[in-house]
Amino acid sequence: MPLRILLAGPCRLTREGLAALLVRKEDFAVAGEASSAPEIVALCESLHPDLVVVEVGSPAPRGLAEVHELGRRVPTVKRLALTGAADGRVILDTIRSGVQACLSLSSPVEEFFHALRVVADGGSYLSPEISDQVRRSLLAGEAAFASPGASLDRLTPREKQVLRLVAQGHSSREIAAQLSLSPETVRSYRKSLMRKLGVSGVAKLVPLAAAAGLIP
């Protein structure tokens with residue numbers, strides 16, 4: 001069955017452009033389009049898409065209300081944010097909302113498809129441009145994004161390996177294959193990482209790994 005995707009955001013041109021890209025692939029299907037937070041939530045509740053792609057713009061920033069409302073009203077839905085924002089604070093706020101992936105609007109099309117598959121498989125993903133913005137923002141004083149005491153020094157060598165691979169966008173199955181572990185063991189490591197670092201979602205591990213230099 002193809003992955004059913006709801007396209008959301010205030011820009012109709014962006015939504016229609018993404019829809020035109022998705023119809024080229026047999027493993028993706030457009031479940032619907034929505035422009036406002038209430039409409040997005042209503043369609044999620046009625047259509048039950050596998051994943052929602054939300055455009056987050058800057059300034060204002062456009063789309064953040066939709067991202068936060070989705071997280072509050074439909075917390076189980078998987079979310080991928082697309083943004084052209086150059087403001088690292090907007091990027092961090094987007095990640096704080098609990099999205100599973102965040103890509104720059106200038107990312108290659110195949111990277112967009114890859115991120116969709118990673119998220120559908122239970123993983124998280126940041127594009128290289130986004131990772132760089134996150135790192136620079138954290139190093140410039142945005143470390144409050146991480147909870148107090150969220151030090152990588154507390155992690156075992158194996159946990160750091162898993163964190164690096166999670167931050168690079170690998171799914172639990174891919175990490176298990178690379179480290180000769182079972183997927184269940186990898187999921188256990190993910191839970192341990194979130195507990196030790198004081199974050200509430202896998203996506204929030206990524207900026208911590210970026211700030212620590214674990215990903216390029």
For this session: Kindly write out, for the stretch 41-52 in residue order, the coupling ³J(HN,Hα) from the Karplus curve 6.51 cos²θ - 1.76 cosθ + 1.60 (θ = phi - 60°), rounded to whole Hz, with x marking Gly and Pro.
Result: 4, 4, 5, 4, 6, 9, 9, 6, x, 6, 7, 10
Seminar exercise, completed: Quick calc, L47 & K160: beta-carbon distance into FRET formula, R0 30 Å, rounding 0.05, result 0.15
For this session: Multiply the residue separation of E16 and F113 by 0.36 nm, subtract the distance between their alpha-carbon atoms, and state the gained length in nm to one decimal.
Result: 33.3 nm
Seminar exercise, completed: Partner lysines whose C-alpha sits under 16 Å from that of K191, ignoring same-chain residues fewer than 8 away, are K160, K204
Exercise. Say each of S188 and D153 gets a label point 7 Å from the Cα, pointing the same way as Cα to Cβ; how far apart are those two points in nm?
Worked result: 2.8
Seminar exercise, completed: Amide H proximity to Y125 below 5 Å, modelled H, separation 5+ or other chain, gives A101, C102
Exercise. Which far-off residues, 5 or more places away or on another chain, put their amide H under 5 Å from the one on A31, with H placed in the peptide plane?
Worked result: I5, L6, L7
Seminar exercise, completed: FRET efficiency (S106, T76; Cβ distance; R0 22 Å; to 0.05) is 0.15
Problem set entry | K25-R4 pseudo-label distance in nm [points 7 Å out on the Cα-to-Cβ vector] | 1.8
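Read the figures in this text as sums done on the coordinates, not as results from a lab. Keep in mind that this is a model prediction, so the values were computed, not measured. Ideal geometry is used to build each Cβ from the backbone, glycine not excepted, and the neighbour counts take in all protein chains shown.
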